Amino acid sequence: MIGRQPDASVYLESLAVSRHHAKITQENGSFFVQDLGSSNGTFVNGHRIVGRVPLTERDTLQIGPYEMGLVLETPPTSNEPAQVIRAKVELQSSNHTLFSHNASQKLHLMLEIARSLGHTPDLDPMLGKLLDHLLHLFPQADRGVVLFCDGDKLVTRAQRTRLLGDRHDVPYSRTIVRRALEEGAGILSEDVRSDRNLVQSATLVSLNLRSFLCVPLIGRDGKRLGVIQLDCLRNNQMFRPEDLELLSAITLQAAVVTENAAFHAERLREERLKQEILMARDIQQQFLPSDFESIGPTAELFAQCVPAREVSGDLYDFFRLGDGRFAFFVGDVSGKGMPAALFMIAVRTLARNLAPTATGAVDFLQRLNFALANDNPTHLYVTMVFGIYDNRDGSVLIASGGHPPPLLRRADGQVDVVTLKPGLLLGSAPIPLRISDVRINLHPGDTLILYTDGYVEATPDDKEEFGIDRLRQTLGGVRTTLPLQQCVLEASAAIRRFCNKDELQDDQTMLLLRKR
């Protein structure tokens with residue numbers, strides 16, 4: 001890669017060069033150059049190229065003000081280095097040579113830096129402070145950069161420079177950085193320009209380097225965190241092997257502090273996320289009404305939603321209509337977690353706005369389905385049972401959109417399934433649901449029970465489900481006289497015993513309406 005991007009393989013700083021200007025590839029011993037949509041074009045032998053063209057040693061490649069030629073690398077002899085490296089230090093705490101020269105001074109400097117960094121828990125400010133210390137400690141360093149590994153990419157996390165007016169990203173040689181990371185060793189070049197191997201490294205030539213140090217940050221278990229690189233640009237200054245040893249010793253300590261800071265930052269992010277989710281759960285619970293006495297004197301109502309995770313995709317609601325009747329519903333949004341919880345709030349808001357003008361339960365579900373399906377980029381859907389209770393005669397008009405059928409518990413304890421045409425899922429498509437409603441006359445002591453599939457699909461280790469028949473048995477018989485809240489607790493306890501576990505597999509929501 002050739003371009004003005006600092007981490008390009010060949011870095012060219014002229015503004016006439018695009019950030020990603022051109023690319024050179026090698027295939028089966030042949031070389032090709034390709035322009036990458038640059039503004040000013042790529043030229044071979046004076047002709048602007050289109051697409052990918054061959055490149056040989058006889059060709060002249062021009063990009064902006066730069067002219068380049070392809071030079072095939074000559075294999076180095078046994079006593080010639082293949083790279084610009086003059087010295088290399090293994091970056092391990094067991095490497096005692098790091099501390100063999102001026103041990104007391106190195107220990108003092110490491111303690112001072114560690115103490116300073118220890119008071120800066122945030123990672124990026126800490127890395128910036130580390131570079132400030134290093135530029136003070138190494139007067140020959142004109143600029144410094146800390147690069148972090150992010151998968152296969154290198155990301156600049158901190159940079160400092162002594163050069164006035166230089167506010168660009170500090171450039172670096174990807175080849176040198178990669179080698180330091182792969183070998184786990186600090187690298188020194190005392191005099192970049194005097195190394196004849198640099199003729200083949202256009203990036204280093206373009207960086208204007210006199211000398212540099214490049215030392216990897218190695219964490220626990222040998223994990224490569226990134227590198228610290230210091231550059232010297234002045235002709236009368238250079239780094240020495242003892243500078244490499246000192247920077248390597250400091251980097252060992254800095255890697256520990258850096259990893260701890262990264263761990264601390266991750267813990268803070270997790271804690272913030274946890275607090276935000278808990279706040280979202282509280283907000284969601286506040287959307288679920290709890291004024292169970294509002295239904296009036298002829299009936300009693302109780303509802304409960306227990307999320308399997310921090311937030312729920314289940315919902316229930318009840319509210320009085322303008323004509324005095326009472327609307328109620330239970331729904332179950334597809335999916336789990338935060339997306340389902342947000343969709344649940346949208347469903348509830350639409351339901352409250354559509355119900356007062358609906359002519360009945362079927363009309364309401366049809367309107368809700370069209371409202372959701374016509375503007376649903378998430379492609380989530382909801383199942384729902386919707387009912388309207390009339391205080392005057394104790395009747396309930398009820399309909400279902402793809403939801404498990406309600407239960408009707410008579411005063412004598414017998415529990416029957418209410419047969420409803422299930423219809424389609426709400427929000428899946430803007431088409432008629434093909435549903436019909438049913439009118440149920442509640443007598444004193446009769447209870448209508450709405451629930452989500454978390455009560456019937458619970459299973460121990462993927463075996464037989466709890467099922468609707470077990471739910472009928474759990475809620476029937478003598479339990480008909482229990483308080484409604486106690487009925488919900490009995491059902492939840494029965495599922496825990498059946499599954500032999502306390503954690504829920506799915507959200508559990510139940511609403512009970514009993515005629516007084």
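Observations on the model:
- Residue check for SER312: out of contact with any Gly (no Cβ under 9 Å at 6 or more places or on another chain), crowded, with 18+ Cβ neighbours inside 10 Å and among the hydroxyl-bearing types (Ser, Thr, Tyr): yes
- Selected residue (only one of ARG470, ARG514, ARG497 is part of a helix (DSSP H, G or I) and either in contact with a helix residue (DSSP H, G or I) (Cβ under 7 Å, 6 or more places away or on another chain) or buried (at least 18 other Cβ atoms within 10 Å of the Cβ) (or both)): ARG470
- Strands (runs of 3 or more DSSP E) within segment 387-441 that include 1 or more residues in contact (Cβ under 8 Å) with a residue 60 or more places away in the chain, in contact with a Pro (Cβ under 6 Å, 6 or more places away or on another chain) and open to solvent by 20 Å² or more (accessible area, probe 1.4 Å): none
- Of all the listed residues (ARG267, ARG325, ARG320, ARG272), the sole one being open to solvent by 60 Å² or more (accessible area, probe 1.4 Å) and in contact with a strand residue (DSSP E or B) (Cβ under 9 Å, 6 or more places away or on another chain) is ARG320.
- For segment 431-450, the set of residues classified as modelled with pLDDT under 90 and in contact with a strand residue (DSSP E or B) (Cβ under 9 Å, 6 or more places away or on another chain) consists of LEU433 only.
- Condition check for GLU457: among the acidic types (Asp, Glu), closer than 24 Å to GLY313 by Cα and more than 37 Å from the chain's Cα centre (by Cα): no
To keep it simple, each residue is scored yes or no on (1) open to solvent by 80 Å² or more (accessible area, probe 1.4 Å); (2) among the aliphatic types (A, V, I, L, M); (3) in contact with a Cys (Cβ under 9 Å, 6 or more places away or on another chain); (4) under 26 Å from ASP169 (Cβ atoms).
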position: TYR11; (1), (2), (3), (4): no, no, no, yes
position: ARG19; (1), (2), (3), (4): yes, no, no, yes
position: ARG48; (1), (2), (3), (4): yes, no, no, no
position: GLY64; (1), (2), (3), (4): no, no, no, yes
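- Positions within segment 478-494 being loosely packed, with under 15 Cβ neighbours inside 10 Å and at pLDDT below 90, in sequence order: VAL478, THR481
- THR258 passes every criterion in (1) closer than 23 Å to GLY144 by Cα; (2) modelled with pLDDT of 80 or more apart from (2).
The values are calculated or read from the model by the stated rules, or taken from the named source; none is laboratory data. The structure displayed is predicted, hence computed values, not measured ones. When we count neighbours, we look across all protein chains shown, and the Cβ atoms used for this are built from the backbone with ideal geometry, even at glycine. We work out accessible area using only protein heavy atoms, side chains counted, and drop any ligands, DNA or RNA first. Shrake-Rupley method; radii C 1.70, N 1.55, O 1.52, S 1.80 Å.
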